[in-house]
Amino acid sequence: MKNNRRIAVLIDGDNAQASLASEILNEVSKHGRITTRRIYGDFTTAHLNSWKKVIGENAISPHQQYAFSSGKNSTDCFMIIDAMDILHSGKVDGFAIASSDSDFSRLATRIREEGLFVMGLGRRNSTTEFQRACQVFVHTENLSPTSP
């Protein structure tokens, strides 16, 4: 089933490193076939400028969420709602969540409860809850950027 597993990759643009996009996708592909590649964030901000080139190079679909007020989780909420839509579509067998944000612990648990594969990719300082909610968790410090 592993090789036939259809995986949706959801990237939290605020918490994932653009320099590791290719490595993240390569790591996920070890666990199945990537059918969905999405990144979430406010791409009108300078903070996400590093993603602009990487998005095109890796065929990642950007999902814009304006930050109408600072300190809010509007991007996280959008990503969670989208994940639930994908989950209930029946078109995937697993998810890879690229983030170090503890807000995704419950999302990972919910996906796993449906019997789907859940992989997390985040920094070593990601919360224990998020790491344990995933069947596989990869520390992004262990991924090295591809040389140009």
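When the range 21-38 is examined, which residues are found to be over 18 Å from residue 94 (Cβ atoms) and either open to solvent by less than 10 Å² (accessible area, probe 1.4 Å) or in contact with a strand residue (DSSP E or B) (Cβ under 6 Å, 6 or more places away or on another chain) (or both)? Explain how you work it out, then say what you get.
Here is the first cut: in the range 21-38, the residues over 18 Å from residue 94 (Cβ atoms) are 21-23.
Passing the criteria: only 21.
The set of residues from the range 99-109 being in contact with a strand residue (DSSP E or B) (Cβ under 9 Å, 6 or more places away or on another chain) and either farther than 12 Å from residue 76 by Cα or of a type in the set (D, E, K, R) (or both) comprises 101, 103, 108, 109. Only one entry in 133, 98 is under 12 Å from the mean Cα position of the chain (by Cα) and not basic (Lys, Arg), namely 98. With respect to the conditions (1) at pLDDT 95 or above; (2) open to solvent by 70 Å² or more (accessible area, probe 1.4 Å); (3) out of contact with any helix residue (DSSP H, G or I) (no Cβ under 8 Å at 6 or more places or on another chain), residue 148 lacks only one, and its number is (1). Under the condition of being crowded, with 17+ Cβ neighbours inside 10 Å and of a type in the set (Lys, Arg), the residues counted in the range 111-145 number 0.
If the condition is being assigned to a loop (DSSP other than H, G, I, E, B) and either touching a helix residue (DSSP H, G or I) at 6+ places or on another chain (Cβ under 6 Å) or closer than 20 Å to residue 83 by Cα (or both), then the range 32-65 contributes 32, 42, 43, 50, 58, 59, 60, 65. Residue 104 meets all of the listed conditions (1) closer than 15 Å to residue 37 by Cα; (2) open to solvent by less than 20 Å² (accessible area, probe 1.4 Å) but one, namely (1). In this structure, residue 46 does not qualify as of a type in the set (Gly, Ala, Ser), under 26 Å from residue 5 (Cα atoms) and open to solvent by 70 Å² or more (accessible area, probe 1.4 Å).
The values are calculated or read from the model by the stated rules, or taken from the named source; none is laboratory data. These numbers were taken from a predicted model, which means no experiment stands behind them. Ideal geometry is used to build each Cβ from the backbone, glycine not excepted, and the neighbour counts take in all protein chains shown. All accessible areas refer to the heavy atoms of the entire protein, side chains included, with ligands and DNA or RNA removed. Shrake-Rupley method; radii C 1.70, N 1.55, O 1.52, S 1.80 Å.
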